[in-house]
Amino acid sequence: MTRQCVFIFGICFSLVTNIVGQTAVEGRQKISFNSGWLFSKGDRDASLPDRATLGWQSVQFPHTWNDKDVLADGERGYYRGIGWYKKNFRLQPEEGKKYFLRFEGVNQEAEIFVNGKAAGKHIGGYSAFNIELTPFLDPSAEQYISVKVDNSFNENIPPLSADFTFSGGIYRPVHLITTGEQHFSMSDYGGPGVYVSTPRVTSQNADVHIEYHLENGNAYDQALTIETIIQKESSSALARKKTTVIVPALQNRTVEVICPDIGGFELWSPDNPAMYYVESHLFKSGELVDNLTQPFGFRWFHFDPEKGFFLNGENLKLMGANRHQDRIPYGNALSDDMHRQDMRLLKDMGANFLRTAHYPQATEILDNADQLGLLVWEEIPLVNEVTISREHDENAEMMLKEMIRQHYNHPSVIIWAYMNEIYWAHRFKPEEELPARNRATLALARKLEDLARELDPYRYTAMAMHNYPAYEETGLGDIPMIAGWNLYHGWYYGNHEDFGKFMDEQRLKYPRRIHFISEYGAGSDVRLYSEKPEKFDFTIEEQINFTRAITRQILDRPYIAGGALWNLIDFSSERRVDATSHINNKGLVTVDRKPKDAYYLVQAMLSEKPVSEWGYSFRQQWVHAAVSPSDTLVPVRMYAFSNQKTLSLYVNNRFSAESEVKDGMAEWLLCLPPGKHLLSLGQNSTYTPEKRIETTLIPFHLKDEPTLDIAMNLGVNYAFIDSRTGLYWIPEREHRSGSWGIIGGKQLYIGDKVGTKEDILAADEEDPLYQTMRVDPSEFRADVPDGTYEIELLMVDYVRKSRRFADEDKEITYEPGRRVFGISVNGRVVEQAIDMGGSYGLNVPYRLVFRHTVKDNAGLSIQFHPFKREPVVSAIRIRSVRY
Ligand code: GCU
């Protein structure tokens, strides 16, 4: 149904197009401006035109200079400083046209020079901005542009600190936009100048309001006509309207066009993301001077403190994930295809919700959220702490305005947020500073809250808080409309069940609050597997346990409006040290976008379409060390993810057992002979999908084994499978009489977490091996046959703190004489007195490799002799060799 709106002119749209064809200005043109750039890292003055190429590198946008130095490169930190970009190009400026560059994202300060003249600046790394070129263009058509970019720390530009990498560069696309002298605003905080609202929507009809911001760049007042068409992609219009307006010379003007009572549309929802578009044409005396199409959707929503979220009148639990915008090894410079791939992963997981982590993301992300039906929480990068200064607050306000203006029209967006764990840095600040910090934070929150509500009365506001009393004590948590919680019970603290208790207490205390879980997640490393997973061990199994337990508790509580896993994808955080250095590995998929088991678990828990996926997507091997002479089978705890009631397991094409699916998962305990096996899952006797595994047994008695290769990880119950070679380091085992194993000592725990989780310098691929260790072992004994063995001992003396960031260590710390011990083999001294902390430094790995020949049936005995403090050993390998 087409509804004619209030102003109807005699000209029909096709006639208008004909007129347009005959004119000089043809509306808006937008083309990419990403190629042919030169880049130079470091400060130099490239503002003036030049054609020098020496010392300049040819680049295309998107580009960042931090794609490689944030990886495990043996150096702490990454380049935070200045970089220059420059380009010569041809553009013949035409009378009556305006030229702009649109930068989608430059981290974090940009200064633009056109033909040697300063053309504009922008502060903040996560929003788009436009720079007008017109006054600076050379009539000769030879143009030169240069951009100075700076990603140095600046206490007045959020984010000040955060658990992600602030990669510098022009890391999102740039476009050249041409319009007539009159156009939709190009100076409204990077917004399109056309803002679509739907203040009233029912399933039958809706009112659509369009706010136009017009600019007249001509020295005369100008009468303009706006033609507004509301339509679904390539189908007939739902409404058309023409409006005339006079915009004074060299001024801006705002006009509201109302299209009431529109019908004949489909509602937008995750299941049916029906998109509509407002097509706007701007005419000056019949000539098309600008045109723009903006997306929107028909939907209404609200949150209820008791019952959660409602979309189009129906209760909908919002479940999904957070997403950071980087991809190792490309830094934050992702192609649109890469962005799309991430959004597809999220949708395929059965999610209906996205939190754009801690900052506004690329247009492609928002467009995809609209088109795939994902509801969005978007926020500005105010993370961990604030600076007490007016400039800081003004920058924060500007970022909020930019985000809301730029993404206002996306129907997927339902929440604007402005602070994440803003009290996080309290613990590092002097006590006496806290009252002033709290006051400044509160005042800023109030300002941002008011601003968000004023700029957009149709959406909700939110803040993400962490488990810390100050939000309550200061009243900060009362300011936003939604209380978001980043909770890690059972990971950083407490246990899984504490999550529900914490939230139930919150609900009792704050019955009128809207509660949302803005983050929950556990880390995992696809090289670590445990039969006895535990908190903070980074095994694949513990990520599953955590994710399953917390997701269940969220789903069971109607008052929790939704939950977002932290994080969809493993992401770069240069300063972080966990099992994978410089990477936050709480992703449900790996950096190269391969689903981990937890991804399939969530898919099974959330999806309506049938799911059946094997567990252990990265693992094919199971190695078992026999616990008795009669132990000849390899135990394999196998699991699969599904939303069916039961799954049947077939081993080598024979039915093995049926298992009930509970909370997305079915499990089996198999005992298999050593060898290769084919596993398949049957539903109604179908044999797909298949999984091939290999089982290996290390016998109890080694005496009869002519060749041996035993690699044992110490101080922890997980196996480490080296992703480069497949070498399988079995979990530690204590010595059994007549067999082999470690004697004495205990696993290292710092606080209630196993191992150190420190950055083991120069051991990046093997960090998890070194991070856990046996403290105070007396001996490793193996009753091996006579022969020659290569013995490797992996050791490290560690910094004794529970959790730190890598960038705190500017230099290697030496502590001579802190820990000294000797090592002997079958009574022969191998190391008289190792002092790792003194000789090599703390957290520096020491890999001791030597050969020893066993004779006279003596077996192998490696002994540790303490001189100062306890000996430590992280892993031991014994391999028979010829000589
Ligand atoms: C926080 C924070 C994230 C961080 C995460 C984590 O709650 O908001 O930025 O990455 O926890 O520790 O993994």
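The values are calculated or read from the model by the stated rules, or taken from the named source; none is laboratory data. These figures come from a predicted structure and were not determined experimentally. A quick note on method: Cβ atoms are made from the backbone with ideal geometry, for glycine too, and the neighbour counts reach across all protein chains shown. For accessibility, only protein heavy atoms count, side chains too; no ligands or nucleic acids. Shrake-Rupley method; radii C 1.70, N 1.55, O 1.52, S 1.80 Å.
Based on this model, can you work out whether Lys429 counts as of a type in the set (Lys, Arg), open to solvent by 10 Å² or more (accessible area, probe 1.4 Å) and under 30 Å from Ser185 (Cβ atoms)? Outline the logic, then answer.
Working: of a type in the set (Lys, Arg): yes; open to solvent by 10 Å² or more (accessible area, probe 1.4 Å): yes; under 30 Å from Ser185 (Cβ atoms): no.
Against the criterion (of a type in the set (Lys, Arg), open to solvent by 10 Å² or more (accessible area, probe 1.4 Å) and under 30 Å from Ser185 (Cβ atoms)), Lys429 does not qualify.
Would it be correct to say that Ala452 is open to solvent by less than 30 Å² (accessible area, probe 1.4 Å) and within 16 Å of the ligand (Cβ to nearest atom)? Write out each step before concluding.
On the way: open to solvent by less than 30 Å² (accessible area, probe 1.4 Å): yes; within 16 Å of the ligand (Cβ to nearest atom): no.
For Ala452, the condition - open to solvent by less than 30 Å² (accessible area, probe 1.4 Å) and within 16 Å of the ligand (Cβ to nearest atom) - is not met.
Across the range 478-524, what is the total count of residues that are of a type in the set (Phe, Trp, Tyr) and more than 15 Å from the ligand (Cβ to nearest atom)?
1
Any residue at all in the range 243-265 that is closer than 30 Å to Gly125 by Cβ and either hydrophobic (A, V, I, L, M, F, W, C) or in contact with a Lys or Arg (Cβ under 8 Å, 6 or more places away or on another chain) (or both)? Before the answer, list the steps.
Of the range 243-265, the ones closer than 30 Å to Gly125 by Cβ are 252, 254.
When the remaining residues are screened for being either hydrophobic (A, V, I, L, M, F, W, C) or in contact with a Lys or Arg (Cβ under 8 Å, 6 or more places away or on another chain) (or both), the result is none.
Within the range 243-265, not a single residue is closer than 30 Å to Gly125 by Cβ and either hydrophobic (A, V, I, L, M, F, W, C) or in contact with a Lys or Arg (Cβ under 8 Å, 6 or more places away or on another chain) (or both).
Scan the range 610-647 for residues that are over 26 Å from the mean Cα position of the chain (by Cα), more than 20 Å from Cys671 (Cα to Cα) and not polar (S, T, N, Q) and jot them down.
Matches in the range 610-647: Pro610, Lys645.
Checking the structure you have, find out if any residue of the range 155-167 is open to solvent by less than 10 Å² (accessible area, probe 1.4 Å), more than 16 Å from the ligand (Cβ to nearest atom), outside any strand (DSSP E or B) and of a type in the set (A, V, I, L, M, F, W, C).
First pass over the range 155-167, keeping only residues open to solvent by less than 10 Å² (accessible area, probe 1.4 Å): 157-159, 162, 167.
From what's left, more than 16 Å from the ligand (Cβ to nearest atom): 157.
Within this subset, residues satisfying the condition of being outside any strand (DSSP E or B) are 157.
This time we only want the ones that are of a type in the set (A, V, I, L, M, F, W, C), so: 157.
Yes: the range 155-167 contains one or more residues that are open to solvent by less than 10 Å² (accessible area, probe 1.4 Å), more than 16 Å from the ligand (Cβ to nearest atom), outside any strand (DSSP E or B) and of a type in the set (A, V, I, L, M, F, W, C).
Kindly check whether there is at least one residue in the range 691-703 that is touching a Ser or Thr at 6+ places or on another chain (Cβ under 8 Å), surrounded by fewer than 21 Cβ atoms within 10 Å (Cβ to Cβ), within 30 Å of Met605 (Cβ to Cβ) and not assigned by TED's automatic domain parsing to the domain that holds Met795.
yes
Considering only residues that are of a type in the set (D, E, K, R) and in a loop (DSSP other than H, G, I, E, B), look in the range 732-765 and name the one that is surrounded by the fewest Cβ atoms within 10 Å (Cβ to Cβ). Break it down into steps so the answer makes sense when it comes.
Of the range 732-765, the ones of a type in the set (D, E, K, R) are 732-734, 736, 746, 752-753, 757-759, 764-765.
Imposing the further condition that a residue be in a loop (DSSP other than H, G, I, E, B) reduces the set to 732-733, 736, 752, 757-759.
Details: Glu732: 24, Arg733: 17, Arg736: 14, Asp752: 11, Lys757: 26, Glu758: 25, Asp759: 26.
Here the answer is Asp752.
Give the residues of the range 44-67 that are without any contact (Cβ under 8 Å) to a residue 60 or more places away in the chain, open to solvent by 50 Å² or more (accessible area, probe 1.4 Å) and touching a strand residue (DSSP E or B) at 6+ places or on another chain (Cβ under 8 Å), sorted by residue number.
Arg44, Arg51, Thr53, Gly55, Gln57, Ser58, Gln60
So, in the range 553-611, how many residues would count as being more than 14 Å from the ligand (Cβ to nearest atom), touching a helix residue (DSSP H, G or I) at 6+ places or on another chain (Cβ under 6 Å), at pLDDT below 95 and not hydroxyl-bearing (Ser, Thr, Tyr)?
Adding up the residues that qualify gives 1.
For the range 818-852: of the residues being basic (Lys, Arg) and touching a Lys or Arg at 6+ places or on another chain (Cβ under 9 Å), which is surrounded by the fewest Cβ atoms within 10 Å (Cβ to Cβ)? Spell out the reasoning first.
Of all residues in the range 818-852, those basic (Lys, Arg) come to 818-819, 828, 847, 851.
Narrowing further to those that are touching a Lys or Arg at 6+ places or on another chain (Cβ under 9 Å): 818-819.
Numbers: Arg818: 15, Arg819: 22.
Step by step, filter the range 818-852, then rank; the result is Arg818.
Looking at Arg102, Arg90, Arg28, which one is closer than 30 Å to Glu266 by Cβ and modelled with pLDDT of 75 or more? Break it down into steps so the answer makes sense when it comes.
Details: Arg102 fails: closer than 30 Å to Glu266 by Cβ; Arg90 fails: closer than 30 Å to Glu266 by Cβ.
Exactly one of Arg102, Arg90, Arg28 is closer than 30 Å to Glu266 by Cβ and modelled with pLDDT of 75 or more, namely Arg28.
One line per residue, one yes/no per condition, for (1) modelled with pLDDT under 95; (2) outside the structural domain of Ile157 (by TED's automatic domain parsing); (3) away from the ligand (no atom under 16 Å from the Cβ); (4) in contact with a helix residue (DSSP H, G or I) (Cβ under 6 Å, 6 or more places away or on another chain):
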| residue | (1), (2), (3), (4) |
| --- | --- |
| Pro360 | no, yes, no, yes |
| Asp367 | no, yes, yes, no |
| Gly373 | no, yes, yes, no |
| His410 | no, yes, yes, yes |
| Ile422 | no, yes, no, yes |
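With the requirement that a residue be surrounded by 19 or more Cβ atoms within 10 Å (Cβ to Cβ) and either within 16 Å of the ligand (Cβ to nearest atom) or farther than 19 Å from Gly125 by Cβ (or both), what does the range 328-341 give you? Lay out the reasoning, then the answer.
Here is the first cut: in the range 328-341, the residues surrounded by 19 or more Cβ atoms within 10 Å (Cβ to Cβ) are 328, 330-334, 339.
The answer is Ile328, Asn332.
Look at Pro173 and say whether it is assigned by TED's automatic domain parsing to the domain that holds Ser35, surrounded by 21 or more Cβ atoms within 10 Å (Cβ to Cβ) and within 16 Å of the ligand (Cβ to nearest atom). Steps first, please.
On the way: assigned by TED's automatic domain parsing to the domain that holds Ser35: yes; surrounded by 21 or more Cβ atoms within 10 Å (Cβ to Cβ): yes; within 16 Å of the ligand (Cβ to nearest atom): no.
No, not satisfied.
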